[in-house]
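Report on one structure; see the data block that follows.
The values are calculated or read from the model by the stated rules, or taken from the named source; none is laboratory data. What you are looking at is a predicted structure, and each value in this text was computed from that prediction instead of being measured. Cβ: placed from backbone, ideal geometry, glycine included. Neighbour counts: every protein chain shown. Quick note on the areas: whole protein, heavy atoms, side chains included, nothing else; ligands and nucleic acids left out. Shrake-Rupley method; radii C 1.70, N 1.55, O 1.52, S 1.80 Å.
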Amino acid sequence: VTAAGLTHLGPLLLVVVPLLGALLLLPAGRRGRSSLDTVALTTTAVALASAVALLPAVLAHGRVTAVLPLVLGQVTFSIDGVGLLFALVTTFLWLCATLHAGAYLRHDDRPLRFHLTSLVALTAMLGLVTAGDVVTLYVFFEWLGLSAYLLVVHAGGAAAERAGVKYLVMTLLGGFAVLAGVLLVHALGGGDLASPLGVEAGREGLRAAAAVLLVLGFGVKAGALGLHIWLPDAHTAAPAPASALLSGVMIKAGAYGILRTVASLYGAEGEAVAVGQGDALGLALLGWGTATMSIGVVMALWQREAKRLLAYSSVSQMGFILVGIGAARFLGEDGAIGYTGALLHVVNHALFKALLFLALGAVIGATGSGDMARLGGLARRMPWTFAFVLVAAAGITGVPFFNGFVSKSVLHHALEYAAAAGHGTALGFAERVFTLTTVGTAAALIKLVTMVFLGRPRSDAARTGVEAPGRMLAAMGVLSFAVVAVGLRPQALSPLLARGLETWRLPTVDVERWLTSPIGHGGDLEAALLAFSLGALVHVVLARTRAYDRPPPIWLSQDRLVLAAIRGSVLAVQRIGTLRASLEAGARGLAPRVGKGVREVVLRTPSAARGAGVPPAERIHEGARRLDLAWRGLLRAAEGWARRLDRTLRLREGQAAAPRRRWSRSTASGWSSPRVGGSSAKAATSDWPWACCSRCGCCSWRACCRSPAADGVWLCIPGPPTPGWWSRSSASAGRPSRRPLEAAGCLATGGSCLLHSRFWCAASSGASHRRWRNHARQASEPKRCVHPRTSSTRPRPSAGLGASEVISMYAIIETGGKQYRVQAGDVLRLEKIEAEAGATVDLPVLLLGGDDTVTVGAPRVDGASVKAEVVAHGRGPKIHIYKFKAKTNYRRHNGHRQPYTEVRVTDIVHDGAGR
Amino acid sequence: VTAPLTCPASLVACGPPLALGLPLLGTLIVALATRTPPRWWLGALVLISVGTLLLSLAVVPVVLRGDTLEVFVMVLTSQLWLHLRVDAAGALYGATVAGLWLPALVYSIGFVRTGPRRRYFGFLMACLACALGVAYAGNLFTLFIFYEIAAVLTYALVIHDESPSAIAAAMKYIAYVLVGGSLILAGMIITFFLAGDLSLAAGGLLHAGMPVGHLLVAFWCFVAGFGVKAALVPLHGWVPDAHPAAPAPFSALLSGVLVAAGTFGIARVTFDVFGPDLLRALGVMPFLAAVAGVTVLVGALMALLQDDLKRRLAYSTISQMAYLTLAFALLGAGAAAAALVHLVHHAYLKGALFFCAGLWRHGTGARRVSELHGVAARMPWTTAAFTLSALGLIGLPPLAGFVSKWWLGVGLLEVDAGPALAVLLAGSLLAAGYLLPVVVAAYGIAPRRSPGAEAAGLAGAAPRRPRAAQEVPAVPSASAEGARHRRLEAPAVLLVPTVAVAALALVFGIASHADGFPLALARRAAAAWFGGP
């Protein structure tokens, strides 16, 4: 075997190494955690080494190819400059993430599954970037998508499962779109990624369809707007190293696919692209990318869960990459600048976003939560992590001398050129959106850093956080080094990029021109600094004006839109599927009647029928009645099926299967920090669940609310009130007068939500919000409001801020067809009960709640009852019932006084045996 | 016409009649061995099945060379005789039948431990002979005879449980199939009336000069007749009932190769009786394609709604087998070849799925998808086999299903059948919809939804004993805690065939291009039908 032969095996080796490592993991898994980590780490290191080893060959020849006679005839592995760039980033990131995972998963019970999945995904990713034809590309794309599912659901729990389902559905849809596109490309006679798809007269429609399908399919993976809905959930649910890989590498697979589609398959030779002649594909990508980046960043700004913020930031950053590809496509022969920017941004985003996710992994490992409302002040406790996050944030916000600055500058110039070439206002507008997005990115990252690391700790966990272990720090350190290195010497990447662009027959002078220095070109520096300072300003303004309280409209998240579309189509499809059954059921209802009708018609002649004395009008009426009956039978059958479907679907979504926790008084103290990626963090699984706390009615996207403890029941966080998570008040410990107002936490002591009460006060007393605020500032004690819906006259215990030890128990009872929320001591008026005054009655309990547990009965809570003493019977205020019919002289006036029974709740009894 | 009764000197040429005769010998052995211990005659059956498989494989190199083996077996009248003729399509189907029958037989040895065992095994071997007869039939009469006998024998296998539901399902089955059979007979009579001959040969018996009305009636008689077995909507009614009722190994055969017998019949009629040219002239194929497309979608949609696992798989068979009819109906060489490949791949994939369903039932008593939560912890091998086959059937690369669906897609695009491609992809997507939830549930990734899983003893309680007496596993009545992690993996006699068949998904996927694999044979068959190279 010659050296050249070995080189030709290079791409193959690159793919096989992780697969072999995955096989080695199986025996290593029996020998314990450390050998597992060692094998995984060694494998990724070897993969990185083999990618680096390919560097000279690729730089020399431009492309290295290996062919295996498998699957559909042959699997081609062919790596060029672009592929190698991706392969290098992939293996480097994988190495860092594996290093990090060794520490992160110390207490995980399935390290083998994680590493196995991770190495299989690495195989797929490397196969993807070394694929030489579209079929190979598709094979590994599908493989990557499926293996990543196991990473998404690794943490387990309902949230991960929901995220997993969403991920799987979207991935499969995307995969099938890609398959259809690949089939069309194959039918058009193409398939080799090294040569563009030929243009054949009469098949333009097919050609366009293939492009659309491929871009849509890869767009799912790339998190392009509208198709990104899986991304925030999956990133939040996955363990931090997996999130880093998902965001850093795997979504780049989508970008890679789009890049290959746009630049290789539909590249220069296939069609002559005149500059600025409105190339539809380029324009579409530009528009799509602009929308993605802007909406992504807006969504990121309003997130509360740190990982979710980063995930939306990833969506936004993928928009940058799409814009680069679109601009390159739009510019045609001058498009090298766009590809340069996009490819560089792929590398950069991979580095800093992986670093951010790994750092958040360290934070989550230290505090048990990624909820920014409960973090803060970690800079002092985790100085190294803080430093690394600063580096990454500098990278992503485009601070000069950090890597993001270079790529964003290049992309900005590409967009400017496209705008100039397009002569249109639309692209000029896109350029402005680009700038605004940079500002938004800066604001979002500043928000993240301030809320997680600065200010005062807002929870015990944040107060006691510790620095990350050495392996995590090492992984983050290496990544930080790379962020700075690329920022300082971007030109180091230019030979590889130039090689890549050469394969697409694009001039490479641009690469050298744009990647010469770390300070960019005329105006870049100023623009970056301006964007950063504007971003800081935006954050301050948003925080000070409480704009973070008022989230942007829900449709911006697209989540519900796309999910509703998918669910709607599934439902429609299933309705069609049940059509036969409905018809059968309908026929079953219809058959006897039809039979009877036929018998009547056949057996009795018309004259006989007349002789029976049935008048024709009645017969018609009877016929109509039968038809109506049959129709109703059909409808009923259809309805039954629809209801069953609905139930099935809801079951599938897990709505009816929310986790239920045991009621126990012992858990009443303090916090229960949510499990990482666990089921309780509802805030983590949807953007703005507009559900309200069943205790106090405050809305759950606020800091004070959390998880649905059971079916649709939302509760505030009990325990010490959380200082306002968006404001600086966390630092104002010395000014207690401001705190109560901003304390977003519901006080455990009686369900008065300070935040809510603000609204209520404004509504009831006509006082403006500001007046209430001033009022509160003057008061020495925090003001509290009684929830307007609870007619409680019970004196509430003092809302001591350290009220975690106060146990409050409440119940929801049902009597007289109404439900009431009661606590011991409440006096309330019920529909009349047959009981003597002074007697004690037992009221059935539907739901039992306490400090952090809720027991939901089905329908009643077994063993629980509310003891109430009947105070008096009485009649309510007079109700006037006035009936009037026009022009008929019909007037009736009635009065009514509804009898009621006033009871005082003496006790809520629970034997603790309820579910 | 005189039909010489010849047996060629070549040993290979003796293969086909021998392959038919060996299983019949097995039936004879079972019938006679009333006093022999079961292990003896079961051993003999396995040997016979291996021999049959080898014989069916021995003809493959011959047909790959482009030769056709012909053997005249028996003259009944001057117009009707039994005649075996092995071409590429027949060899492909025959090898599939024999290849799935062997693991199913081994599996049956472990699975069918109670009830009328000898009846089961005797009929099983006779059924093998008949299925091979369908594969190797040289004229319509032979095809019809074996097809009908196989159908009747199937009845005895479906009612093995002798439970009321099994008897009802078998009754439904036999009613459907006999009506279908008479339609085939009608078609055959018309064909004989028109052509004066019944022999099958590429290019077809009939030609465009014959009366169109007769041709149309004959065609639709054939399609409706074979369509019953091929489970074309609306003739599919027996499938979802018969599969859950039959013992798992026979469900696998029913779904894997016996439904395919109907589709194979449609292919024979399409290409060897009518011929592509005549059918194009008649213009009937778009209608058949529409029926097949509807079947794909309806079958998949109905599968989505089933909770009973075997029922879900049965609907999946309806959907998957309609791909074949769809591809045949489009009259493209590539599509027809891909359809034959899919026939083979589907047989093994679906066989493995039914085997796994049987093992789950055997181990935990769970027959519903909702009862399978977390079964992987206790039956890892079974679950792995199921996962592999399910992914294969969905068509994920590089497994077998991907290969056949890929070539189907390419074949459909060759004849510019865009809507058919959409149907194919939609069917695959729906296949993911009805198979992946099973996998996800089995691995316990999703939270438990149903109390059924607890009832099935997967979480804590001791496993429930299955109701059917034949499937009573030796479940130790351990304490709940002890039972939680107890392995319920089936004995080797059940597990080995399951895993082996599932592993074929990978083999057929990765090596699909190798010589002697289904693709090469199918291309040879399509070349014969369409006159290609």
Take the residues in segment A:486-502 that are in a helix (DSSP H, G or I) and free of Cβ contacts under 8 Å to residues at least 40 places away in the same chain, then tell me which one is surrounded by the fewest Cβ atoms within 10 Å (Cβ to Cβ). A:Ala492
Of all residues in segment A:181-200, which are within 11 Å of chain B (Cβ to nearest Cβ) and crowded, with 23+ Cβ neighbours inside 10 Å? A:Gly181, A:Val182, A:Leu183, A:Leu184, A:Val185
Qualifying positions in segment B:275-293 - among the β-branched types (Val, Ile, Thr) and in a helix (DSSP H, G or I): B:Val291
For segment A:187-212, which positions are of a type outside the set (Gly, Ala, Ser) and out of contact with any Phe, Trp or Tyr (no Cβ under 9 Å at 6 or more places or on another chain)? A:Leu188, A:Asp192, A:Leu193, A:Val199, A:Glu200, A:Arg203, A:Glu204, A:Leu206, A:Val212
Would you call A:Leu213 more than 13 Å from the chain's Cα centre (by Cα) and open to solvent by 10 Å² or more (accessible area, probe 1.4 Å)? yes
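Here is a yes/no grid of residues against (1) modelled with pLDDT of 90 or more; (2) open to solvent by 30 Å² or more (accessible area, probe 1.4 Å); (3) touching a helix residue (DSSP H, G or I) at 6+ places or on another chain (Cβ under 7 Å):
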residue: B:Gly115; (1), (2), (3): no, yes, yes
residue: B:Phe121; (1), (2), (3): yes, no, yes
residue: B:Tyr136; (1), (2), (3): yes, no, yes
residue: B:Tyr173; (1), (2), (3): yes, no, yes
residue: B:Gly180; (1), (2), (3): yes, no, yes
residue: B:Phe192; (1), (2), (3): yes, yes, no
Residue count, segment A:65-80 (criterion: surrounded by fewer than 24 Cβ atoms within 10 Å (Cβ to Cβ) and away from chain B (no Cβ under 14 Å)): 3
Residue in segment A:880-893 that is open to solvent by 20 Å² or more (accessible area, probe 1.4 Å), of a type outside the set (S, T, N, Q), in contact with a Pro (Cβ under 9 Å, 6 or more places away or on another chain) and assigned to a strand (DSSP E or B) present: no
Please list, ordered by first then second residue, the pairs with beta carbon atoms under 9 Å, 6 or more apart or interchain, first in segment A:280-299 and open to solvent by 10 Å² or more (accessible area, probe 1.4 Å), second charged (D, E, K, R) and not in a helix (DSSP H, G or I). none
What's the number of the only condition in (1) out of contact with any Pro (no Cβ under 6 Å at 6 or more places or on another chain); (2) at pLDDT below 50; (3) of a type outside the set (Phe, Trp, Tyr) that B:Leu521 fails to meet? (2)
Matching helices (runs of 4 or more DSSP H) fully within segment A:322-414 where at least 2 residues are under 27 Å from A:Val511 (Cβ atoms) and not acidic (Asp, Glu): A:336-367, A:383-397
Being within 13 Å of chain A (Cβ to nearest Cβ) and either in contact (Cβ under 8 Å) with a residue 12 or more places away in the chain or part of a helix (DSSP H, G or I) (or both) narrows it down to one of B:Thr383, B:Thr387, so name that one. B:Thr387
Whether any residue in segment A:575-592 is modelled with pLDDT of 70 or more, assigned to a helix (DSSP H, G or I), touching a helix residue (DSSP H, G or I) at 6+ places or on another chain (Cβ under 9 Å) and away from chain B (no Cβ under 14 Å) is what I want to check. no
Within the group A:Ala159, A:Ala121, which residue is crowded, with 24+ Cβ neighbours inside 10 Å, modelled with pLDDT under 90 and either more than 10 Å from every other protein chain (Cβ to nearest Cβ) or over 26 Å from the mean Cα position of the chain (by Cα) (or both)? A:Ala159
The listed residue being more than 21 Å from B:Ile149 (Cβ to Cβ) and either aromatic (Phe, Trp, Tyr) or touching a residue at least 12 places away in the same chain (Cβ under 8 Å) (or both), out of B:Leu183, B:Leu253, B:Leu216, B:Leu198: B:Leu216
Considering only residues that are among the aromatic types (Phe, Trp, Tyr) and assigned to a helix (DSSP H, G or I), which ones fall in segment B:38-92? B:Trp40, B:Trp41
Hey, does segment A:348-369 have a residue that's at positive phi and not hydrophobic (A, V, I, L, M, F, W, C)? yes
Could you list, in sequence order, all residues of segment A:216-228 that are surrounded by fewer than 24 Cβ atoms within 10 Å (Cβ to Cβ) and assigned to a helix (DSSP H, G or I)? A:Leu216
Residues in segment A:821-831: is at least one over 30 Å from A:Asp460 (Cβ atoms) and outside any strand (DSSP E or B)? yes
Would you confirm, using the coordinates I've provided, whether A:Val841 is touching a residue at least 60 places away in the same chain (Cβ under 8 Å), open to solvent by less than 10 Å² (accessible area, probe 1.4 Å), part of a strand (DSSP E or B) and within 21 Å of A:Met809 (Cα to Cα)? no
Before we move on, is A:Gly341 crowded, with 24+ Cβ neighbours inside 10 Å, at pLDDT below 90 and more than 23 Å from the chain's Cα centre (by Cα)? no
(1) within 14 Å of chain A (Cβ to nearest Cβ); (2) open to solvent by 10 Å² or more (accessible area, probe 1.4 Å) all hold for B:Tyr348 apart from (1)
Filter segment B:46-60 down to residues that are hydrophobic (A, V, I, L, M, F, W, C), open to solvent by less than 60 Å² (accessible area, probe 1.4 Å) and under 21 Å from B:Tyr136 (Cβ atoms), then give me how many there are. 7
When you scan segment B:303-325, how many residues do you find that are within 12 Å of chain A (Cβ to nearest Cβ) and either in a helix (DSSP H, G or I) or at pLDDT 95 or above (or both)? 5
Take B:Phe328 and decide whether it is more than 14 Å from chain A (Cβ to nearest Cβ), more than 18 Å from B:Ala505 (Cα to Cα), aromatic (Phe, Trp, Tyr) and part of a helix (DSSP H, G or I). yes
Looking at this structure, is B:Leu215 farther than 23 Å from B:Trp81 by Cβ and either among the hydrophobic types (A, V, I, L, M, F, W, C) or open to solvent by less than 50 Å² (accessible area, probe 1.4 Å) (or both)? yes
Restricting the first residue to segment B:510-533 and requiring it to be farther than 17 Å from B:Ala58 by Cα, which pairs with a second residue that is among the basic types (Lys, Arg) and open to solvent by less than 30 Å² (accessible area, probe 1.4 Å) meet a Cβ separation below 6 Å and a spacing of at least six or different chains? none
Of the residues that make up segment A:554-564, is at least one open to solvent by less than 50 Å² (accessible area, probe 1.4 Å), assigned to a helix (DSSP H, G or I) and at pLDDT below 65? no
